[in-house]
Structures are given as C-alpha cells and as structure tokens.
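S.K.: The structure's right below; bear with me while I get my questions together.
The values are calculated or read from the model by the stated rules, or taken from the named source; none is laboratory data. Computed from a prediction, not measured in an experiment: that's the story for all the values here. In this analysis, Cβ positions are derived from the backbone assuming ideal geometry, glycine residues included, and neighbour counts consider all displayed protein chains. Surface accessibility is based on the protein's heavy atoms, side chains included, excluding ligands, DNA and RNA. Shrake-Rupley method; radii C 1.70, N 1.55, O 1.52, S 1.80 Å.
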Amino acid sequence: MTAELVRGQNHPVSHSRVEIRVSAGTPVLALAALADDAGRFSGPEALAHPGAPALPGVLAPEAPAERHTLPVDLDAVPAAVHTVRVVLVLPPGGPVRFGAVPASHVALADPQGAETVGYTLTGLDAETAVVALELYRRQGGWKVRAVGQGYADGLGALLTDGGMAATEAVALASAALRTAPRTGGSDITLAAVPSLTGDLRAPRSPDGAPAGAPEPPEPLPVPTSPYAGAPGAVPGGGGDGSPATISYAHPRRRRTSTEPPEPDPRAAAPAEPGQPPRPVAGDASGWSMEERLYNQVWGMFEDLARSVAAYRSAADFADSRMDRELDEALSDPRHRLGGSADAARDAARARHDELVARARAVLDRDLVQLAAEAEVVEPALPAAYARWDNPVWHGHRMPEESPLAVRLGDLLLPERPDLAIPMLVRVPLERGLWIDNGRTGSEAAMATDTDRLRRAAMDMAVALVVRMLAVHPAHRLNVHVIDAAGAGAASLAPLLRAGVLAAPPAAGAAGVGAMLDGLTRRVDLVQMALRAGAPEDLPPDVDTAGQLLLVHDFPHGFDDRAVTRLRYLADEGPQVGVHLLMVADRDEASAYGPLLDPLWRSLMRLSPVPDQHLADPWVQHAWTFEPDLPPPGSRVLDQALDLIARARRGSRP
C-alpha cells in the first residue's frame with residue numbers, strides 16, 4: 001500500500017536499495033544533490049546532473065523527460081552524506097514555471113518495484129526548480145520526507161541556498177543545464193535561464209529557509225512584541241499577534257583541531273521486524289556528545305513540528321471536503337425527497353471520520369516514537385541542556401569549556417502536551433533576552449497577580465543567571481545587575497549571598513549611568529582593538545571575560561542618556577561579549593514612544609508563565625513555552641551557587 005505524503009511529512013525507508021520515480025506533465029530534469037549533516041552542498045561533486053550523472057549510491061538521468069527513475073543504493077552513500085535530495089528543474093526551451101504545467105508526482109519504490117511512498121507537488125507557481133523529496137539519515141536508518149520547496153530563481157538559487165558560493169552555484173547550474181539536451185530550439189543563454197540571473201535568493205518559506213532543510217539559517221530566535229497592533233511590529237514575528245520564529249540553527253563552532261569527531265554512540269539494539277529502531281541518546285551527527293545531543297534535540301523538534309503539521313493538514317482537508325460534500329448534497333434537488341439526503345450526509349461524515357482517524361493513527365505512531373526518544377535523551381543531557389530537576393545537577397562540576405547552548409525552558413504542542421522539547425539557545429548569546437513581567441502577553445499572565453508575575457519573572461531571570469554561571473568556566477562570564485529601585489532584592493538575595501556578582505547591583509540614576517558607561521566603554525575599546533588587529537593592546541583594566549547585564553524593572557532609573565546606552569549595548573554588545581537580559585514590562589516604557597521599538601525587536605521575548613508566542617521555523621506552529629525553574633523546595637540553585645562561589649575563590653569544586 002502506497003503512503004501518500006503531504007508536504008513536510010516523513011516515512012521510514014525499510015530497504016537500502018530503492019528507486020525514485022518521477023512523473024511530470026512536461027519534460028523535466030531530475031537531479032540528485034548530496035548534503036552533509038548541516039544541509040550544505042560541498043561543491044560540484046555534490047550534484048548528479050546530465051554532465052556528471054553518477055554519484056556514490058545515486059544515478060541521475062541524462063536527459064529531460066516526463067518520466068524518470070533514479071536508482072539509489074543507500075548503503076553506498078558516503079557516511080559524510082546525511083541527505084539525498086531529488087531536484088526537479090525545468091530545462092531551457094520548455095515551460096517557464098511549474099505553475100503552468102500539471103503537478104509532478106514522485107514516488108519511492110522498493111526492490112520488488114512496489115511503490116511505498118508517493119507525493120504530489122502542489123501549490124507551485126513561478127518556481128523553475130524544486131526540491132521534490134529527500135532521503136535522510138535518522139536514528140541509524142533512513143527516512144523519506146516530502147519537501148516541495150521551490151525556487152523562482154531556479155537551480156542557481158537552490159544551490160546557493162545549500163551553502164555554495166554564488167559564483168560556484170551559477171557555474172554548476174550553467175553546466176547542468178548546458179549538458180542537458182534542449183527541449184526547444186534556442187541556445188542556452190544567461191537571459192534564458194532564470195537560475196542564472198537575478199540575486200540568487202530563495203524567497204519561499206516564512207523564515208527564509210527551504211522546507212525540510214536540516215538547518216534553518218541565521219539568526220537566532222526572532223524577538224518581537226507580543227502585543228497586537230504594537231508600533232513597529234514585524235509582520236509574522238509577533239508584533240501583529242503572530243508568534244516569533246525560533247531558529248534551531250546548528251552551532252557554527254570554530255574548530256582548532258584536525259582530530260576526527262568522537263566515535264558514534266553504541267548502535268541501537270535491533271528492533272523487531274516492522275518496528276521502528278529503538279532510540280539512542282546522542283545518535284545525531286556531531287564532533288562531541290554535547291553537539292550530537294544538541295542536534296538530536298533539534299531533530300526531535302523538527303519531527304514533532306512536521307508530524308503535527310501533516311495531521312492538521314489532513315484534518316483540515318477532511319473538514320473542507322465534508323463541508324463541500326454536504327453543500328452539494330443539500331443543493332441537489334434529487335436529495336430533498338426520501339432519505340437520500342440523510343444517506344449523503346452520513347456518507348460524507350463517514351469519509352471525514354475515516355480520513356481523520358487514519359491521519360491520527362500516523363500521528364500517534366510518530367508521537368510514540370518521539371516520546372520514546374525523549375525518554376532516553378532527557379536523562380542523558382548535560383547540565384547546560386538539562387532541567388533543574390535532572391540528577392546531573394547533583395554531580396555537576398565547573399566545566400573547562402563553555403557550552404554550545406543553554407536551556408531556557410520547554411516547548412509543547414496541544415496534540416501531545418506531555419511531550420516537551422527542550423528549548424535551547426546557543427551561547428554566546430547572539431541576541432539579548434527579554435523576560436516579560438507585564439500582564440498583557442497571554443491568558444496565563446492576565447490571570448496572574450501583578451506582584452506574583454513580577455516576582456516569577458525575576459526568579460526566572462536569576463535561575464537563568466545561575467545556569468549561565470554554572471556551565472561556564474570560572475571567571476569566563478561575569479554578571480552585572482541593574483535594579484534601580486531595589487524591587488528585585490528578594491530574588492537577587494541568593495546571588496548576593498554567594499558573592500558571584502561582578503559588583504553590587506546598580507541603584508538609582510547615578511548607579512545605572514555608571515554601570516552602563518563602564519560596559520559601553522568596554523564595548524568601544526574591544527571593538528577598536530579588534531578593528532586594529534591588536535586585541536592584546538587593550539588597557540589592563542578592561543575585563544576580557546564575557547559580560548551578562550541583568551536589567552530589572554526597566555525603565556525605572558533610566559534617563560534619555562541611559563536609554564541610549566542600553567540600546568547601544570543591545571545592538572553592539574553581543575559581537576564583543578556583552579549580553580543583555582532584561583526583566584521589563586513594555587507598557588511601562590511606552591512613554592518613550594516608538595524610539596524603543598528597535599530595542600524590543602532586538603530581544604527574544606520569554607514569559608515566566610506558559611505562553612504561546614514562539615513558532616518553529618518549518619511550519620510556523622504556535623508552541624507553548626514553559627520556563628525551566630527549580631522545583632519548589634529544591635536546593636539545587638543554592639548548591640550550584642556554592643559550586644560557582646568556590647570555583648571563583650580558587651578552591652577545588
């Protein structure tokens with residue numbers, strides 16, 4: 001039985017030798033592109049095209065045609081290749097856009113010739129090149145995903161989006177099209193090939209990433225206002241009421257060693273025939289267990305987003321089809337007599353229920369697998385990624401290296417509210433964080449007493465500060481606090497008792513100005529030293545460690561000059577190691593008018609109570625964010641602070 005996929009849905013691949021079958025309403029080029037674990041093409045050798053049809057494990061057709069067969073031997077695909085993408089391209093001399101021809105269909109067939117998976121590429125318009133589907137590694141096996149990501153600027157834009165330099169992409173696209181037999185009589189010229197002209201962008205998905213890409217592009221989560229109609233709101237990013245997009249981009253860590261990556265974790269125990277592979281913590285790609293776990297969490301996040309998207313799409317289609325069939329039944333005069341109208345309605349509802357039940361069964365299968373994976377991944381997470389109730393914190397020691405990322409909380413969808421995906425952000429923070437202590441962000445905030453909400457926001461900020469200090473080497477990160485009115489004293493008390501702050505909290509307008517001036521001076525001096533290529537010439541009083549500034553109750557204690565300094569630190573600080581964590585209510589800063597809108601948009605908004613204000617970069621679901629806080633009555637925060645204090649005093653942890 002063939003499983004008909006919708007865009008974004010995936011399906012297990014149970015054979016190592018398969019065929020990709022393409023059926024199009026017009027002659028097309030069928031190409032194969034090999035991508036690494038970051039979703040990038042390594043160069044010309046990553047594309048199988050008519051001029052170079054054979055790649056390890058893949059053979060591409062050598063001429064345009066309405067039907068193609070691409071044999072794939074997954075066992076022969078190099079270990080460095082994590083994704084095999086099937087690309088369809090309109091050749092020169094033929095139709096100028098996919099929207100003008102019948103929808104193409106791609107299918108996956110087993111060695112016996114039976115088609116196991118099918119996907120129809122609908123919704124295309126001006127595109128001239130499209131990633132139809134992809135085979136990708138997952139938990140020691142392979143899966144197939146329906147992609148359907150098109151590029152109006154053609155093959156060159158597709159290759160550029162896969163990490164190739166624009167000039168290299170243009171040359172490779174030109175070679176692929178030049179070696180393909182023409183479908184018309186005209187010569188191939190730059191003007192005739194859309195993929196070789198224009199700015200080679202890929203303006204398709206809402207976040208700028210191709211659907212199904214293993215890695216969404218920079219930047220980090222897009223922070224915007226949570227309030228509908230807010231001045232300066234970014235469309236689609238929260239300012240108009242829609243969620244801000246989360247980017248789980250893989251860490252781009254500079255590697256100074258040429259040593260190979262750590263060996264893969266132990267292989268999973270073989271599953272029963274017909275059963276999915278048993279999950280193993282750290283089975284994703286990476287140069288260390290920390291990086292593999294990070295990438296595995298990212299993969300779980302994408303799988304859950306796409307599985308739920310497929311279910312919701314099927315349910316929406318079933319609803320619309322039933323409505324259409326019911327309307328037709330009621331509008332047909334032949335159904336107005338006797339019981340035929342009732343029979344037509346019953347049949348429509350039965351078809352609706354059957355389709356929804358089938359979609360739900362597929363979703364439940366995926367959810368069971370993801371829940372099983374979460375059960376083995378969560379206990380294996382390092383302290384930087386782990387919840388505060390994870391036992392790893394009881395045996396934690398100060399690390400010798402900074403982490404790749406830290407956990408801010410959990411992300412959940414209503415289809416499986418008990419399945420939490422860790423929300424990780426890379427460090428150093430590329431953008432500041434804003435913990436919203438106002439009561440206009442969500443229903444949970446509206447139902448919470450103002451004082452309790454403000455205390456919860458500050459407690460959340462303090463817990464995040466402790467986590468950041470505990471997962472960095474001693475003296476590698478220093479924390480400064482601005483609490484102009486002293487309203488956060490109760491939450492800040494553990495930090496003050498442990499003596500882990502770089503200086504006492506700044507209070508009053510004078511204290512606020514002095515602290516901001518000092519950090520601004522550091523940013524200016526480091527920037528000048530880096531531009532001059534002489535970082536070693538910094539004055540001896542400049543602290544070269546990372547700096548984290550916690551601002552409580554903004555804009556109390558801030559004059560115009562201080563506000564200007566804060567905006568400067570938010571914009572320029574992350575590039576030179578100065579990071580911003582704000583606890584504030586945007587409404588209280590409304591007196592400054594739209595001048596502060598760029599500040600709010602530059603920060604990633606978080607909530608101390610559950611709130612649906614974040615979206616994934618693949619299908620734009622609204623995810624419920626829940627902050628990660630120590631369990632009530634737990635001493636884990638005090639234990640972590642004791643560890644930090646001892647390390648900073650130079651004693652052994």
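S.K.: D436: accessible area at probe 1.4 Å, nearest 10 Å²?
M.R.: Per-residue accessible area (D436): approximately 0 Å².
S.K.: Order the peptides 488-499, 83-94 from the highest to the lowest mean number of other Cβ atoms within 10 Å of their residues.
M.R.: Per-residue Cβ counts within 10 Å, averaged per peptide and sorted highest first, yield 83-94, 488-499.
S.K.: P(r) tail for region 489-594, what percent of Cα pairs lie past 25 Å?
M.R.: 26 percent
S.K.: Return P(r) of region 26-102 (all Cα-Cα pairs; 5 Å bins starting at 0; whole %; ordered from short to long distances).
M.R.: 3, 16, 25, 22, 15, 11, 5, 1
S.K.: How many angstrom lie between the C-alpha centres of region 521-565 and region 48-124?
M.R.: Answer, in whole Å: 53.
S.K.: Stokes-Einstein at 37 °C, 0.692 mPa s, Kirkwood radius from Cα pairs: D for region 370-457 in µm² s⁻¹?
M.R.: 212 µm²/s
S.K.: Using the Karplus equation 6.51 cos²θ - 1.76 cosθ + 1.60 (θ = phi - 60°), what ³J(HN,Hα) coupling, rounded to whole Hz, does each residue of region 443-452 give in order, writing x for Gly and Pro?
M.R.: Karplus values, whole Hz, x for Gly and Pro: 5, 4, 5, 5, 8, 9, 4, 4, 5, 5.
S.K.: I would also like to ask the following. Calculate the radius of gyration of the Cα atoms of region 478-546 to one decimal place, then report Dmax, the largest Cα-Cα distance, as a whole number, both in Å.
M.R.: 14.7, 44
S.K.: I need the calculated FRET efficiency for the pair M446 and D389, taking r as the beta carbon distance and R₀ as 41 Å, to the nearest 0.05.
M.R.: Calculated value: 0.90.
S.K.: If packing is taken as the average number of other Cβ atoms within 10 Å across a peptide's residues, how do 129-138, 565-574, 375-384 rank, most packed first?
M.R.: The packing order, highest mean first, is 129-138, 565-574, 375-384.
S.K.: So, one more: In terms of modelled amide H atoms, which long-range or inter-chain residues lie less than 5 Å from the amide H of M604?
M.R.: G432, L433, W434
S.K.: Let me ask you something else. Express the carbon and sulfur contribution to the solvent-accessible surface of region 278-358 as a percent, rounded to the nearest whole number, probe 1.4 angstrom.
M.R.: 54 percent
S.K.: A follow-up question, please. Taking H placed 1.01 Å from N in the peptide plane, check which residues at least 5 places from T116 or on another chain put their amide H under 5 Å from its amide H.
M.R.: Residues meeting the criterion, in which the H sits 1.01 Å from N, are L108, A109, D110.
S.K.: If you roll a 1.4 Å probe over region 455-593 with all protein chains in place, what percent of the accessible area is carbon or sulfur?
M.R.: Ligands and nucleic acids excluded, carbon and sulfur give 55 percent.
S.K.: Report the FRET efficiency, 1/(1 + (r/R0)^6), for E588 and D110, where r is their Cβ-Cβ distance and R0 is 45 Å, rounded to 0.05.
M.R.: That gives a FRET efficiency of 0.10.
S.K.: Based on the mean of other beta carbon atoms within 10 Å per residue, what is the order of 148-161, 519-532, 609-622, most packed first?
M.R.: 148-161, 609-622, 519-532
S.K.: Suppose the chain between A645 and D316 were pulled fully straight at 0.36 nm per residue; how much longer would it get relative to their current alpha carbon spacing?
M.R.: 112.9 nm
S.K.: Return the FRET efficiency for the residue pair R497, E400: r is the Cβ-Cβ distance, R0 is 41 Å, and the value is rounded to the nearest 0.05.
M.R.: That gives a FRET efficiency of 0.95.
S.K.: If you look at just the Cα atoms of region 316-426, how large are its Rg and its Dmax in Å?
M.R.: Looking at region 316-426, its Cα Rg and Dmax stand at 24.8, 81 Å.
S.K.: Another question, then. Cα-Cα pairs above 16 Å in region 548-615: how many percent?
M.R.: 49 percent
S.K.: Still on this structure, I have one more. Taking only protein heavy atoms into account and a 1.4 Å probe, give the accessible area per residue of region 57-110 in Å².
M.R.: Heavy-atom accessible area per residue stands at 37 Å².
S.K.: Turning to a different aspect of this structure: Need one number for region 400-450: average projected area of the convex hull over its C-alpha atoms, nm².
M.R.: Approximately 5.7 nm², given one-decimal rounding.
S.K.: At A509 and R178, where each label point lies 7 Å from the Cα along Cα→Cβ, what is the point-to-point distance in nanometres?
M.R.: 7.0 nm
S.K.: Find how much the distance from T564 to S23 grows on full extension, using 0.36 nm per residue of separation minus their present alpha carbon separation; answer in nm with one decimal.
M.R.: Once the chain is fully extended between T564 and S23, it gains 188.8 nm.
S.K.: Kirkwood-based Rg over Rh for region 580-653 (C-alpha set), two decimals?
M.R.: On the Cα set of region 580-653, Rg over Rh gives 1.13.
S.K.: Can I ask one more? Can you check how the C-alpha radius of gyration of region 521-579 compares to 2.2 N^0.38 Å, as a plain ratio?
M.R.: For region 521-579, the normalised Cα radius of gyration is 1.25.
S.K.: For region 520-651, what is one quarter of the convex hull surface built on the Cα atoms, given in nm²?
M.R.: Average of the hull's projected areas for region 520-651 equals 12.6 nm².
S.K.: Follow-up question, since we're still on this one. Where does the Debye-calculated log10 I(q)/I(0) of region 68-155 sit at q = 0.11, 0.24, 0.25 Å⁻¹, using only Cα point scatterers of equal weight, no solvent?
M.R.: Values, matching the q order: -0.35, -1.22, -1.27.
S.K.: Report the Cα-based extents of region 34-192 along its three principal axes, largest first, to the nearest Å.
M.R.: 46, 32, 25
S.K.: Provide the gained length on full extension for the span A622 to T122, in nm with one decimal, where the gain is 0.36 nm per separating residue minus the Cα-Cα distance.
M.R.: In short, 177.6 nm is gained.
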